[in-house]
Structures are given as structure tokens and as C-alpha cells.
Amino acid sequence: MLPNMVVDTTVLPPADRFAFWYALVAQETAPAHISSGHLDNFVAYVQAIDLGRIRMTSLRYPSLDAIRPTKLVRSAEGDVYQLTLPLTGHSTLIQDRAESTLEPGKHFTLLDPARRHVARHRADGAGLATTITVQIPHAALPLAPDRLRRLLATPMPSHLGVGGLLAHHLRSIAAHPEQFEPAQAEILGGVAVDLLTAVLAQYLDIEDTLSPEARHTTLRARVVDFIDRHLDSDELNPSSVAAAHHISLRSLHRLFEAEATTVAELIRSKRLEQCRRDLGNPLLRQPVHVIAARWGFPDRAHFSRLFRAHYGRSPQEYRMGVARQNG
């Protein structure tokens, strides 16, 4: 599991919850003056995950307003940017005369905690707002600070293009840190930085200045996303993937040279995983061969051999085992 810290204020007496949460958030992100109608019983959750050079924090909290005035800005330590990605609720952010309202699942933005800013977060109804923030050192982004300043508090799509890949990457880590090994933290953080760099460079119209490494990471992320979205297509194969990204088959294979799997193996393993999930779904009682065919395995015997080699059991044995566990 990735190194992480989880805090739930409900384990504390109601009168102590806000002070504890505030001290933690001030440490993880940046100190600010916070007002809320829930200070007497502040139910909130924090999960902080180290990803090498960057640190990701997933927060759930009631509606609040946060103002970071000049006095607190002067006490800032270190030069970092803060990526803000709302998942539920609505957020309005103001910095450097720019104001934006971020829709959950549609926008993210970048702030500079060393500059005055205002944040208003509103939960939906009586629920909690959910936000992912990422602290990124200035030095980690190969883009001039004076250029990036133009993008502060600017809403950028988190459901389209490279921004969508970045949001999916961060949400996957936050949702399942147990699926990654500690040694992968630096790699996962590097992928996030490269994807963010590509998004920002696109907005600044300076994509040609990106390093080969950043371009490589971005293109590979696009390829993996394309594969995920077309797993049920009969035409999905390395050649169709290369054609969709306007690169040669040889260039596609070079993208994955450093990986322990080829493109064809990646497609096969992802399709097998979809089959495994469907077989373990108690509400999906379709025959094994129907599920296999949906995910690109029309040959029953071939699918059974692949599934057993991958998971150590036949498809039917796996389905029966899950049924017994849930029974």
C-alpha cells in the first residue's frame, strides 16, 4: 500500500473536531481563516498520500469559506502550487482577480498558496463536499512561474482530454491506495506531474517545449485510456490503437518498452479483468461464454485456458467461489 495517513474527526468529541481538522489541513495544504456553520460539530475526513515529489490529499468536509490573507501568505514555507479537483459539491475560487466556479467531475484548477486567495466550498444538501488537492513544488513543473500565473484559478476540464486522464489518475490513487506498492509512489507522482504539465502547456500554447519524457508519459496515458474505453470492441488490437493515435506500430511498442507487458498483453489482461468483475457480480447471471464474448474472447476453450492461467481457477470455479463467499 502507498504510504498514507487517514483521519476521521468522528472519533473525537464534537467540540474538538474542527480544531483538530483545521490543524491538520493547515499542515497538509496551507493555513487560512475558515468559517463554517458546522464548527460545533465538524464531521470531516482526510487522507494524505505521499507520491514522491508531490503530496495528494483527499478531503471530505461540510460547507465552508476559506480566506488566505496576506498575513498568512507571508508565513508560507516553500514554493508550491496547489491543484484543486472537486469531486462532489461546488467550489468557487478567487486569486489574482480571477474567479471561477468549479463543477464536480468537470473542472480542476491551480492555485498558488503563496498568494492571497479565497475559496468557498458548498456541499450538496446535508452531505459533505469532496475534494482532491495536490501539492506540487514549483521546481517540479518545467514551466515559468510568470506564465503559470495567468492560469491561477482558471477552470480547466477534468473530464476531457489530458485533463480527464489526470483526474482519472488521481481519483484511482485516492480510491484504492492499497492497489499500489510503496515503490510505485515516485512513478505515480511523476505521471501526475507530466500529465499536469501537458495540460498547462496546452493552455499556454507551448506544447512544443515539453520534454520528451513528458510527451512520452502523456501519449502513453492517452493510449491506456483509449484501450480502457474500447475493451469491448472487436477491432481493438495494437494496430488499431496505433492508427487511432497517428503513430506507427513500432512507435507504439516503443512506448511500452520499459513496461513488463506488451500492448497486446495489456489489452488481454484488461479484458480478463473485466470478465473477472462480471463473473463476480451476483446481479449479472449471464452464461460464462456470453461474458467472455462481450470482452473479446469468442472462443470458449481459449478463454477458459487464459482465465485459469491468469487467476488459477476456471471461470466457472471463480464464479462459484465468489458466490460461496457472498452467501
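The values are calculated or read from the model by the stated rules, or taken from the named source; none is laboratory data. Because the structure is predicted, anything quoted here is derived from the model rather than measured. As a convention, Cβ positions derive from the backbone with ideal geometry for all residues, glycine included, and neighbour counts pool all protein chains shown. These accessible areas exclude ligands, DNA and RNA; they are computed on the full protein's heavy atoms, side chains included. Shrake-Rupley method; radii C 1.70, N 1.55, O 1.52, S 1.80 Å.
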Checking residue 23 against (1) farther than 21 Å from residue 172 by Cα; (2) open to solvent by less than 40 Å² (accessible area, probe 1.4 Å); (3) aliphatic (A, V, I, L, M), the condition it does not meet: (2)
Failed item, numbered, when residue 133 is tested on (1) crowded, with 20+ Cβ neighbours inside 10 Å; (2) of a type in the set (S, T, N, Q); (3) without any contact (Cβ under 8 Å) to a residue 60 or more places away in the chain: (3)
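Can you find a residue that is surrounded by 18 or more Cβ atoms within 10 Å (Cβ to Cβ) and under 27 Å from residue 223 (Cα atoms) anywhere in the stretch 311-321?
Here is the first cut: in the stretch 311-321, the residues surrounded by 18 or more Cβ atoms within 10 Å (Cβ to Cβ) are 315, 318-319.
Within this subset, residues satisfying the condition of being under 27 Å from residue 223 (Cα atoms) are none.
No, the conditions are met nowhere in the stretch 311-321.
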Which numbered condition residue 235 misses (of (1) assigned to a helix (DSSP H, G or I); (2) of a type outside the set (A, V, I, L, M); (3) within 26 Å of residue 299 (Cα to Cα)): (1)
Test: residue in the stretch 193-213 that is farther than 23 Å from residue 145 by Cα, modelled with pLDDT under 90 and surrounded by 14 or more Cβ atoms within 10 Å (Cβ to Cβ): no
Segments classed as strands (runs of 3 or more DSSP E), wholly inside the stretch 1-96, with at least 1 members that are over 22 Å from the mean Cα position of the chain (by Cα) and in contact (Cβ under 8 Å) with a residue 40 or more places away in the chain: 64-68, 90-95
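Here's the yes/no breakdown for (1) within 30 Å of residue 183 (Cα to Cα); (2) in contact with a Phe, Trp or Tyr (Cβ under 7 Å, 6 or more places away or on another chain):
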| position | (1), (2) |
| --- | --- |
| 3 | yes, no |
| 6 | yes, no |
| 22 | no, no |
| 34 | no, yes |
| 50 | yes, no |
| 56 | yes, no |
| 69 | no, no |
Within the stretch 139-175, tally of residues that are surrounded by fewer than 15 Cβ atoms within 10 Å (Cβ to Cβ), part of a helix (DSSP H, G or I) and either on the phi > 0 side of the Ramachandran plot or more than 15 Å from the chain's Cα centre (by Cα) (or both): 6
Flag if residue 222 is surrounded by 14 or more Cβ atoms within 10 Å (Cβ to Cβ), of a type in the set (Lys, Arg) and in contact with a Phe, Trp or Tyr (Cβ under 6 Å, 6 or more places away or on another chain): no
Out of 274, 286, sole residue that is open to solvent by 40 Å² or more (accessible area, probe 1.4 Å), part of a loop (DSSP other than H, G, I, E, B) and within 20 Å of residue 305 (Cα to Cα): 286
Test: residue 222 is over 16 Å from the mean Cα position of the chain (by Cα) and either basic (Lys, Arg) or not in a helix (DSSP H, G or I) (or both): no
Hits in the stretch 238-265 - residues which are in a helix (DSSP H, G or I) and of a type in the set (S, T, N, Q): 239, 240, 251
Looking only at the stretch 233-246, and only at residues there that are open to solvent by 40 Å² or more (accessible area, probe 1.4 Å) and without any contact (Cβ under 8 Å) to a residue 24 or more places away in the chain, the one that is farthest from residue 270 (Cα to Cα): 246
